[in-house]
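J.: Take a look at the following structure, please.
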Amino acid sequence: MVDHSKMKLGKRHPRHDPRVPMLARYTKALPPAPASTDYQSKVTNWPMMMNDNLGDCTCAAVGHVIQQWTTYNNKPVVLSNPQIEQLYETVGGYNPADPSTDQGAVEVDVLNYWLTSGVDGHPLGAYAALELQNHNEVMDAVYWFGNCYIGVALPISAQNQDVWAVPPGGATGPGAPGSWGGHAVPVVAYDERGLTVVTWGDKKRMTWQFWDTYCDEAYALLSADWTEAGLAPPGFNYDQLSADIQEIKSGFASAKAIKHV
């Protein structure tokens with residue numbers, strides 16, 4: 001049995017940005033996503049990205065999706081630990097000289113910074129929010145964008161589960177949402193039985209019921225690494241989504257992009 005009880009979490013409570021468009025606006029005329037999609041099998045090693053020692057999961061998830069996109073683009077990029085730490089300092093206020101500042105980060109803060117500043121030369125073109133508990137939208141996000149950046153309010157019961165599932169006692173006691181804490185992970189595959197996420201240097205399965213019970217935010221991410229490789233299925237209006245997110249881009253002062261360390 002696994003024991004992740006000592007692993008770090010670090011997703012703060014969701015703060016929803018009303019400027020972020022909903023994915024449903026762009027998918028209503030599209031054919032349904034297939035019953036299963038796998039965009040993780042080409043990645044042979046998922047680094048920890050310091051999430052065993054720091055509550056930097058929101059930033060480690062960024063590193064993992066960049067690694068995934070670029071691997072499927074046949075130009076794999078793995079962000080270094082100093083790059084991940086620098087991102088965490090910027091978006092979470094972490095100071096390596098003061099361990100008390102290891103307080104995690106808010107997902108929209110991470111995404112808005114990435115949107116306006118880039119990470120290691122890999123821009124985030126746009127992003128859209130998903131309707132929670134809408135399985136079709138999760139499938140759409142992974143199928144059209146390669147992955148789905150999500151937040152989960154993990155229960156204590158998840159600490160020792162090989163597959164994240166709602167415990168027999170339900171969402172109370174050790175199964176209560178958030179009783180362990182908040183965690184950010186990318187979804188990189190799904191099928192009829194559940195989803196595959198990347199966390200703590202490995203892949204992890206979760207059931208759809210676990211998603212319904214514990215996922216408290218989810219976003220589809222648009223990346224040029226994905227679209228320029230010809231991997232995105234035809235039919236989605238990526239240009240419209242990019243235009244609709246401009247309010248966020250223009251509302252932020254320019255910040256220096258994180259460079260290769």
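J.: Restricting the calculation to Cα positions, tell me the Rg (one decimal) and the Dmax (whole number) of the chain in Å.
T.: When restricted to Cα atoms, the chain yields Rg and Dmax of 17.1, 51 Å.
J.: Within the range 1-34, which residues have the backbone N less than 20 Å from the label spot 7 Å out from Ile156 along Cα→beta-carbon, could you tell me?
T.: Correct set: 1-11.
J.: If you don't mind, there's one more thing I want to ask. What is the local net charge at Ala35, summed over the other residues whose Cβ is closer than 10 Å to its Cβ (Lys, Arg +1; Asp, Glu -1)?
T.: For residues surrounding Ala35, the net value is -2.
J.: Please report the net charge: other residues with Cβ closer than 10 Å to the Cβ of Ala24, K and R +1, D and E -1.
T.: -1
J.: With a Cα-only, solvent-free Debye model of the range 43-116, what are the log10 I(q)/I(0) values at q = 0.13, 0.15, 0.19, 0.20 Å⁻¹?
T.: -0.37, -0.48, -0.74, -0.81
J.: If you look at just the Cα atoms of the range 1-61, how large are its Rg and its Dmax in Å?
T.: 17.1, 45
J.: Given labels modelled 7 Å from the Cα in the Cβ direction, how far is it in nm from Gln240 to Met48?
T.: In this crude spin-label approximation the distance works out to 4.5 nm.
J.: What three numbers, in Å, describe the spread of the alpha carbons of the range 119-261 along their principal axes, ordered from the longest?
T.: Result, largest extent first: 46, 33, 28 Å.
J.: Pull out the extension gain between Arg15 and Ser36, defined as 0.36 nm times the separation in residues minus the alpha carbon to alpha carbon distance; nm, one decimal.
T.: 4.5 nm
J.: With N set to the residue count of the range 6-134, report its C-alpha Rg divided by 2.2 N^0.38 Å to two decimal places.
T.: 1.14
J.: Determine which residues of the range 85-119 fall in the zone a paramagnetic label at Glu228 would reach in this model, i.e. backbone nitrogen under 17 Å from the point 7 Å along Cα→Cβ.
T.: 115-119
J.: Moving to a separate point now. Label the range 58-163 by shape, choosing from rounded, prolate and oblate, from the square roots a ≥ b ≥ c of the eigenvalues of the Cα gyration tensor; if a/c is under 1.5 it is rounded, and otherwise prolate applies when a/b is larger than b/c, oblate when it is not.
T.: oblate
J.: Any idea what Rg and Dmax come out to for the range 105-147 if you just take the C-alpha atoms, in Å?
T.: Every Cα atom of the range 105-147 included, Rg and Dmax give 12.0, 33 Å.
J.: Okay, next question. What net charge do the residues around Tyr88 carry, taking every other residue with its C-beta under 9 Å from that of Tyr88, with Lys and Arg at +1 and Asp and Glu at -1?
T.: That sum, taken over residues with Cβ under 9 Å, equals -4.
J.: With springs connecting C-alpha atoms under 10 Å apart, model the chain as a Gaussian network and identify which of Leu195, Leu222, Leu231 has the largest mean-square fluctuation.
T.: Ranking Leu195, Leu222, Leu231 by mean-square fluctuation puts Leu231 first.
J.: Order these peptides, 75-83, 40-48, 57-65, 152-160, by their mean beta-carbon neighbour count within 10 angstrom, highest first.
T.: Per-residue Cβ counts within 10 Å, averaged per peptide and sorted highest first, yield 57-65, 152-160, 75-83, 40-48.
Readers should treat all values here as calculations from the given coordinates under stated rules, not as data from a laboratory. The model shown is predicted, which means the values in this text are computed figures rather than measured ones. Reconstructed Cβ throughout: ideal geometry from the backbone, glycine too, with neighbour counts over all protein chains shown.
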